[in-house]
Structure formats: structure tokens, C-alpha cells
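Just so you know, all these numbers are worked out from the coordinates, no wet-lab data involved. Note that the structure is a prediction, hence the values are computed from the model and not measured. In this analysis, Cβ positions are derived from the backbone assuming ideal geometry, glycine residues included, and neighbour counts consider all displayed protein chains.
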Amino acid sequence: MLVPRWYWVLLAFAPLALAARAMGWAPLVIFGASAISLIPLAGLIGLATEELAYHLGPRFGGLLNATFGNAAELIITVFAIQRGLLTLVKASITGSIIGNTLLVLGMALLAGGVRNGVQRYDPRETSHNSVMMILAIAGLILPATFAFVDNDLPVVENISLIVAGLLLVTYLAYLAYTITNTDVLEQEGAANEASWTRRKSLLVLAAATAGTAVVSEMLVGAVEPVTRQLGWSEFFVGVIIVPIVGNVAEHFAAVQFAWRNRMDLSLAIASGSSTQIAVLVAPVLVFLSLAMGKPMNLVFAPLELAILVLATAVFAYINIDGESNWLEGVQLLALYAMAGVVFFFLPNALG
């Protein structure tokens with residue numbers, strides 16, 4: 001598997017970010033260079049994970065993909081928790097879900113529809129992810145509903161922990177079903193062969209993960225001064241910037257598959273990533289935040305929940321008929337743009 005050339009071009013921004021911090025340059029330069037360099041680092045984690053999965057076989061490979069599927073964003077949010085930026089962390093959860101279901105899928109449907117016309121796929125392939133997404137959104141709505149009725153913080157935190165635990169158990173069951181399903185294993189095993197050695201895959205995975213940790217720490221450290229300078233909110237950075245930076249490489253792959261008339265794979269990327277964020281990353285962050293002494297609950301703002309419900313409903317609806325076209329892509333992108341505008345002006349609206 002060849003590493004795209006543009007990965008190496010963008011990777012040059014990592015030493016620039018290091019130099020900028022060492023020389024005391026403006027936080028905006030550090031933030032920008034760090035954000036750009038995270039794009040290829042996240043992509044390299046994905047490539048190395050995929051290659052290593054071929055060596056491990058479909059069962060353990062599926063487990064590895066589940067573990068590292070959203071590694072870059074998880075690393076960013078862990079550093080954000082460390083600095084007490086819980087608003088950014090929760091916003092990034094929302095942003096990742098709507099980013100995959102609206103932005104990524106919208107771009108894929110648009111590109112694939114323009115190139116290939118009406119595209120067809122088996123809706124059963126993504127039905128499990130749709131159900132998992134609905135379950136996850138319910139898990140986010142229930143703590144918020146309780147907090148609205150009774151804003152007892154200790155009780156809300158306990159409810160969040162219980163819900164997070166149940167989501168994790170459900171995800172483990174979903175993962176067990178996926179990696180032990182005979183049909184899935186046959187398709188995975190016959191689809192590809194590794195082009196990297198196991199050693200190379202491990203070295204690239206370790207180096208990219210370490211690089212992501214270093215750059216993420218610089219990115220998060222520059223968030224507060226940059227938001228003050230640009231007039232952005234911590235929420236906007238979390239809901240728009242962080243999800244895009246952490247998943248650009250994966251987004252590009254989804255659009256490529258749609259362009260090649262492989263809408264089934266494109267949908268699998270979008271739905272799989274959203275599911276992992278909602279029922280794996282979010283619960284893990286709840287427990288990590290507690291262990292780090294900065295507990296985060298699963299109470300999201302009503303506007304966030306409304307957008308999540310809309311995005312999940314639209315995604316489930318698109319999967320019903322097993323067909324897609326470019327107009328549906330435009331509609332998804334329009335909904336994402338409307339949500340982005342509202343999120344950008346939300347702090348001013350709150351006064």
C-alpha cells in the first residue's frame with residue numbers, strides 16, 4: 001500500500017509546530033501547523049492499522065481496527081480533558097457524529113452521484129450501525145433529560161457512568177458479532193492482502209501514534225489563546241475543527257470509494273466511524289475523565305441533541321431503499337452547513 005504523497009507534504013508541518021512552540025511564535029501558528037500535521041498522522045495510523053489487520057486475520061484485525069479506528073481524536077480529547085476543556089471534548093463527540101453522517105456521507109453521495117448516477121448498495125450492511133447509532137443517541141438523550149428534570153450533579157454523573165458502561169457493553173457485543181459473523185469474515189479475508197510487513201506496520205503505527213500525541217498536546221495547548229484571538233468559541237473548535245482534522249484521511253477514503261461506485265464501502269466508513277465515536281469513544285472518555293480527576297458527564301445541550309437526532313434520522317432514512325444519488329448528498333451537506341452556522345453563532349446568541 002502506497003502512502004499518498006500529500007501525506008508527506010502535510011507532515012512537514014509537524015516540525016514547524018515544534019519549532020514555533022520552541023521559539024515562542026504566535027499560538028495561531030502553533031495551532032495551525034499542529035492541526036495540519038495531524039491530518040497525515042491520523043491517516044498513517046489508519047494505513048498501519050489496516051495493514052497490520054491483514055497480518056492478524058479478520059478476527060483480531062477487526063478488533064485492532066475497532067481499537068485504533070478513532071485513535072487520533074481520542075488522543076486529542078484526552079489532552080483536552082487534562083487541561084479541563086470539557087466543552088471542547090463533548091463538542092468533538094457531537095461534531096464527529098454529525099461530521100460522518102452529514103459531511104462525509106454528503107460529500108460521498110455527491111461525488112458518487114455525479115460520477116455514477118444512481119448508486120445501489122445492500123442496506124442490510126449498514127442496518128446494524130443505524131440501530132447502534134439510535135441506541136447511542138438514546139444514551140445521550142436520557143442523562144440530559146434527567147438533568148433537565150433534576151439537576152442533581154452527583155446523580156447525573158452516576159447516571160452518565162452507568163449509561164457509558166451499558167454503551168460499552170453493547171459495543172463489545174456488536175464487535176463480537178461482527179468479527180465472528182461467518183459472512184463478514186469471508187468477505188474481509190478475501191478482499192485484500194498485506195503489502196507491508198508486520199514489522200513495518202508496527203513501526204509506522206507506533207511512530208504515527210507517538211507523533212499524534214506530541215502534536216495533539218501542542219494543538220490543545222494553543223486552543224484557548226487562539227479562540228480569544230479569532231473570536232471563536234471552545235465549542236466551535238470542538239464541534240467543527242477537531243473532527244475534521246482528526247478524520248480527513250478517512251473522509252477522503254469514503255469519497256474515493258463512492259467515486260469508484262463502491263457506495264457500500266463508503267457507507268461502511270461513515271457509519272462505522274460514527275458508531276465508534278458514539279458507543280466506544282464517548283463512554284471511554286467518561287471513564288478516563290473520572291480517572292483523571294476531571295469527571296465529564298453525558299449531558300449535552302438541547303441544540304446538540306436536536307442535531308444528533310436529525311443526523312441519525314436522515315442517515316437511517318437514506319439506508320432504507322438501498323439507493324443514493326447526488327441530490328441526497330447536497331441535502332446532507334446543506335444540513336451540515338446549517339448546523340455549522342448555528343454552532344458558530346451560538347456563543348453570541350447566548351450572550
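Looking at region 1-84, the helices (runs of 4 or more DSSP H) lying wholly inside it that each contain 1 or more residues that are more than 16 Å from residue 251 (Cα to Cα), among the hydrophobic types (A, V, I, L, M, F, W, C) and over 21 Å from the mean Cα position of the chain (by Cα) sit at 5-11, 13-22, 27-68.
To keep it simple, each residue is scored yes or no on (1) farther than 18 Å from residue 94 by Cβ; (2) acidic (Asp, Glu).
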| position | (1), (2) |
| --- | --- |
| 284 | no, no |
| 289 | no, no |
| 293 | yes, no |
| 310 | no, no |
| 317 | yes, no |
| 321 | yes, yes |
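Within region 234-259, the set of residues being more than 18 Å from residue 336 (Cβ to Cβ) and either within 21 Å of the chain's Cα centre (by Cα) or without any contact (Cβ under 8 Å) to a residue 24 or more places away in the chain (or both) comprises 234, 249, 253, 256, 257. Name the one entry in 300, 343 that is aromatic (Phe, Trp, Tyr), in contact (Cβ under 8 Å) with a residue 60 or more places away in the chain, surrounded by 16 or more Cβ atoms within 10 Å (Cβ to Cβ) and assigned to a helix (DSSP H, G or I). Result: 343 is the single residue among 300, 343 that is aromatic (Phe, Trp, Tyr), in contact (Cβ under 8 Å) with a residue 60 or more places away in the chain, surrounded by 16 or more Cβ atoms within 10 Å (Cβ to Cβ) and assigned to a helix (DSSP H, G or I). Here are some residues: 324, 289. Which one is over 25 Å from residue 34 (Cα atoms), surrounded by 18 or more Cβ atoms within 10 Å (Cβ to Cβ) and not charged (D, E, K, R)? After applying the criteria, what remains is 324.
In region 90-133, the residue that is surrounded by the fewest Cβ atoms within 10 Å (Cβ to Cβ) out of those that are under 30 Å from residue 163 (Cβ atoms) and among the small types (Gly, Ala, Ser) is 127.
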